[in-house]
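Written below as structure tokens is the structure these notes are about.
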Amino acid sequence: MTTTAFRPVLLLTGGYAVLSVLTLVAIVLLRNDHALVTDAVWVRATLVVASSLLTFAFARSAARGSRKGLLRLRIVAAAMLVAIVVIVALPGLFPVWLRIEQAVCGLLLLGVTVLVNGRRVRAR
């Protein structure tokens, strides 16, 4: 798949990475409010930033034609999507604001998952 044809995936994964980094910045700024920023929020946000950066790297690799990059992108996007669905669905585990942010991340990853598993990508 060419970079041009892969542009929507790059935009979605880039948006996921930017949102994840901005969320971590917000957590740092709000760190003294223990109702908004719990230990679980710190752990989750750190893992999400790492996975979002990997997801974007895999998308770039796949856009350059790497089959391994595409496989990694498919696996990471699907796995993170499942984890996000669980986090959004479980009440009380995380503050509402983080669950909303994760829902937005989930929508971005849903788009990635649909695109990278679609006929257009499989045909290439």
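Residue under question is T4, and the condition is that it be more than 13 Å from V112 (Cα to Cα) and modelled with pLDDT under 95; does it hold? Can you show your working first?
Values: more than 13 Å from V112 (Cα to Cα): yes; modelled with pLDDT under 95: yes.
Against the criterion (more than 13 Å from V112 (Cα to Cα) and modelled with pLDDT under 95), T4 qualifies.
Among the candidates T46, T23, T55, T38, which residue alone is under 27 Å from T4 (Cβ atoms) and hydroxyl-bearing (S, T, Y)? Break it down into steps so the answer makes sense when it comes.
Values: T46 fails: under 27 Å from T4 (Cβ atoms); T23 fails: under 27 Å from T4 (Cβ atoms); T38 fails: under 27 Å from T4 (Cβ atoms).
Exactly one of T46, T23, T55, T38 is under 27 Å from T4 (Cβ atoms) and hydroxyl-bearing (S, T, Y), namely T55.
Within segment 47-98, the set of residues being at pLDDT 95 or above, farther than 11 Å from T13 by Cβ and of a type in the set (D, E, K, R) comprises K68, R72, R74.
Would you be able to tell me the number of residues in segment 89-114 that are of a type in the set (A, V, I, L, M) and buried (at least 18 other Cβ atoms within 10 Å of the Cβ)?
Just the residues of segment 89-114 that are of a type in the set (A, V, I, L, M), to begin with: 89-90, 93, 96, 98, 100, 103-104, 107-110, 112, 114.
Keeping just the survivors that are buried (at least 18 other Cβ atoms within 10 Å of the Cβ) gives 98, 108-109, 112.
Matching residues across segment 89-114 total 4.
Restricting attention to segment 23-46, the residues that are in a helix (DSSP H, G or I) and either without any contact (Cβ under 8 Å) to a residue 40 or more places away in the chain or not hydroxyl-bearing (S, T, Y) (or both) add up to 14.
Return yes when I87 is in contact with a Phe, Trp or Tyr (Cβ under 9 Å, 6 or more places away or on another chain), β-branched (V, I, T), in a helix (DSSP H, G or I) and at negative phi and no when it is not. Here the answer is yes, as I87 does meet what is asked.
Can you tell me which residues in segment 47-84 are of a type in the set (S, T, N, Q) and either assigned to a helix (DSSP H, G or I) or surrounded by 21 or more Cβ atoms within 10 Å (Cβ to Cβ) (or both)? So that I can check it myself, show each step before the final result.
Filtering segment 47-84 down to residues of a type in the set (S, T, N, Q) leaves 51-52, 55, 61, 66.
Across segment 47-84, the qualifying residues are S51, S52, T55, S61.
The values are calculated or read from the model by the stated rules, or taken from the named source; none is laboratory data. Bear in mind that the values here come from a model prediction, so they are computed numbers and not experimental data. For neighbour counting, all protein chains shown are included, and Cβ atoms are generated from backbone atoms with ideal geometry for every residue, glycine included.
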